[in-house]
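First comes the structure, then the notes that go with it.
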Amino acid sequence: MSAAMKDRYGRKIDYLRISVTDRCNLRCRYCMPQEGVSAWKPGQILSFEEIEEITRAAVRLGVRKVRLTGGEPLVRRGILELCRRLAAVPGIQDLSMTTNGTLLSGMADQLYQSGIRRINISLDTMNREKYQEMTRGGNLDDAVMGIFAAARAGMNPVKINTVLIRGFNDDEIRTMAELTRRAPVQLRFIELMPIGHDQELGKRGWMPCRTVLEQLPGLTPVPSGGGVAEMYRLPGCRGLIGLIRPVSCRFCGSCSRLRLTSDGYLKPCLHGDDEISVRGFHGQELEEKILEAAARKPACHGDLTERAVQLRRDMNQIGG
């Protein structure tokens, strides 16, 4: 088993994010079109056997962390079986998931038993009407119940991902921060990445993470633990607050990720259209394709501050 896979800039590539479906039960404006996605025919998305084979090859090359994403991963039929299969792969040290949380309350215990130990839950507002507006029909209570169900199941840490959107939730920063007083969660404020079909939202909605520091002057820095988030704590709070700045402070120099789309392509960079097909390859040929994807990682993504970037895929097809 390889000690480490590196790209041409010397960055260690040890993190694979796997989109298990492009479907979702919500229609978040910055993630997917209002009409949703066209139903793919059987066989267009990777089977569990294909996902496991690609993952095993990536682990042989040095991947140690795997995250399941979507779309919404919990709408993929048999997702618990896939979790169990990947949890059994020797060499994976960290198996986690990103979800919108609305289906989580009834599945958290089973997910934990199937190998998911850490979870990220998307939650951009604590206002029911605004949540319904942004998700185009979602129920805030379902997501909140999912957060507490994950914590009860033993997942640690439970991370809440909040995308900062000017004119939408910039008046809720203090309200969201109070979640860290109520529970030992990690609340991560993430700058809106202006990519995808909703160009107007990307242009007018972007705001820097420094807004959080301005509104929460009591934040005290704490060690980050090596992730992309800058970590802070409010006095007297049980949880932590993180700032993720992909636009204002690009962290490309420490990027360790490859992304596998649900139809079998590896993306070297979230913000580019470069893709390498890995479907149908096996053994050494498959490993060579993964190494090719690592080698094609750019030094840094392009400037996202001046324009919204239209990619071939919406975020629901990439997995974030």
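The values are calculated or read from the model by the stated rules, or taken from the named source; none is laboratory data. Since the structure is predicted, the reported quantities are computational estimates derived from the model, not experimental observations. Glycine gets a Cβ as well: all are built from the backbone with ideal geometry, and neighbour counts include every protein chain shown. For the accessible areas, the whole protein counts, side chains as well, though only heavy atoms, and no ligand, DNA or RNA atoms are used. Shrake-Rupley method; radii C 1.70, N 1.55, O 1.52, S 1.80 Å.
Structure data summary
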read-out	value
Whichever lysines have a C-alpha closer than 17 Å to that of Lys267, once near sequence neighbours (fewer than 8 apart) are set aside	Lys6, Lys12, Lys65, Lys289, Lys297
The stretch 106-203: trypsin sites (Lys or Arg not before Pro) in DSSP loop, at most 16 other beta carbons within 10 Å	Arg117, Arg136, Arg166
Global form of the stretch 41-123, assessed from the alpha-carbon gyration tensor, a/c cut-off 1.5	oblate
Per residue accessible area of the stretch 163-236, 1.4 Å probe, in Å²	46
The chain - mean residue ellipticity at 222 nm from DSSP helices (-39,500 (n - 2.57) per run, n ≥ 4, rounded to 500)	-7500 deg cm²/dmol
Matching label, semi-axes √(5λ) of the Cα gyration tensor in Å computed from the structure shown, candidates [x] 40, 29, 20; [y] 44, 19, 17; [z] 29, 22, 21	[z]
Integer Hz, Karplus 6.51/-1.76/1.60 couplings in order for the stretch 185-193, x for Gly and Pro	9, 9, 9, 10, 7, 10, 5, 4, 8
Among Leu219, Leu95, Leu243: highest mean-square fluctuation, GNM of the chain, C-alpha pairs under 10 Å	Leu219
Accessible carbon and sulfur surface of the stretch 77-120 relative to its total accessible area, %, 1.4 Å	45
Length-normalised contact order for the chain - Cα pairs under 8 Å, 6+ apart - percent	22
